[in-house]
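The values are calculated or read from the model by the stated rules, or taken from the named source; none is laboratory data. In this text, all values refer to a predicted model and were calculated from it rather than measured experimentally. So basically every Cβ, Gly included, is an ideal-geometry build from the backbone, and we count neighbours across all protein chains shown. Quick note on the areas: whole protein, heavy atoms, side chains included, nothing else; ligands and nucleic acids left out. Shrake-Rupley method; radii C 1.70, N 1.55, O 1.52, S 1.80 Å.
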Amino acid sequence: METTNNENQHISAAPASLSVMQQTDSALVAASEQKYLYFEGRPREYRFNGQNGQFNLYGDRVLTDASGRLVSTFSFQPIAYRIFEDGLFGRSLRELWAELFFIDEDNCVSSIMFNNTSVNELYRLLEPILYERKSLCDVVLTIKPERVQSKSDPNKSWFIARFSYETAKPERISEMREFVKTHRVFRNETLTVSAQHKLVSQGYYLAIDPLDDYSLQQAA
């Protein structure tokens, strides 16, 4: 839609910081009216704590069930995923990571990550899924923490993620596939040019370059 000269003059006169704030606020308002809430590039951040086997939100809100007890399993249907090697979160070594995206019970686009041994466990699960001509986006994953001990030091233990799955409902699979076609699903914080990808789903958006170059509005 075209704007009048007066409208253009008003926009030019507004401080740059105010313009950005207004755009961000408008985007959030528009997003809040959608069925699934997604702040692009910043999915809701779920975490698996390998030290105590607990699931949490943003590292500080431990997940509990309706009775207030710690959740013993965590289930979701991935909408996008990638498995890759990279050095993240200030760690000195490159590690194997799995980054999974899903829509949680509050209808928010979310993500959760696993590394090292837990990723190897995910690979074990992937094999039968792929041989059934499916992907992780066709199933509902269930993660159950399991304590393991160090072979060299029995006093040291930690938790790894054990994975199981069941086939997702066809209508839900179709709905999620349509969602990722019109939304750029990624987590900006974990994107680097140094990542070596092993497996990337079609629904994952590799937004390495500036987002303005990939505007859905411009492409439409």
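Only residues that are in a strand (DSSP E or B), polar (S, T, N, Q) and in contact with a Leu (Cβ under 9 Å, 6 or more places away or on another chain) were counted in region 161-212, giving 1.
For (1) assigned to a strand (DSSP E or B); (2) more than 19 Å from Gln54 (Cβ to Cβ); (3) more than 15 Å from the chain's Cα centre (by Cα); (4) of a type in the set (Val, Ile, Thr), each residue gets a yes or a no:
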| site | (1), (2), (3), (4) |
| --- | --- |
| Phe84 | yes, yes, no, no |
| Arg91 | no, yes, yes, no |
| Leu125 | no, yes, yes, no |
| Leu141 | yes, no, no, no |
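Can you find a residue that is open to solvent by 30 Å² or more (accessible area, probe 1.4 Å) and among the aliphatic types (A, V, I, L, M) anywhere in region 112-133? Yes: region 112-133 contains one or more residues that are open to solvent by 30 Å² or more (accessible area, probe 1.4 Å) and among the aliphatic types (A, V, I, L, M). Kindly indicate whether any position in region 48-68 is in contact with a strand residue (DSSP E or B) (Cβ under 8 Å, 6 or more places away or on another chain), in a strand (DSSP E or B), in contact (Cβ under 8 Å) with a residue 12 or more places away in the chain and open to solvent by 60 Å² or more (accessible area, probe 1.4 Å). No: region 48-68 contains no residue that is in contact with a strand residue (DSSP E or B) (Cβ under 8 Å, 6 or more places away or on another chain), in a strand (DSSP E or B), in contact (Cβ under 8 Å) with a residue 12 or more places away in the chain and open to solvent by 60 Å² or more (accessible area, probe 1.4 Å).
Summed over region 134-158, the residues that are buried (at least 19 other Cβ atoms within 10 Å of the Cβ) and hydrophobic (A, V, I, L, M, F, W, C) give a count of 5.
There is no residue in region 23-36 that is modelled with pLDDT of 90 or more and under 20 Å from Thr190 (Cα atoms).
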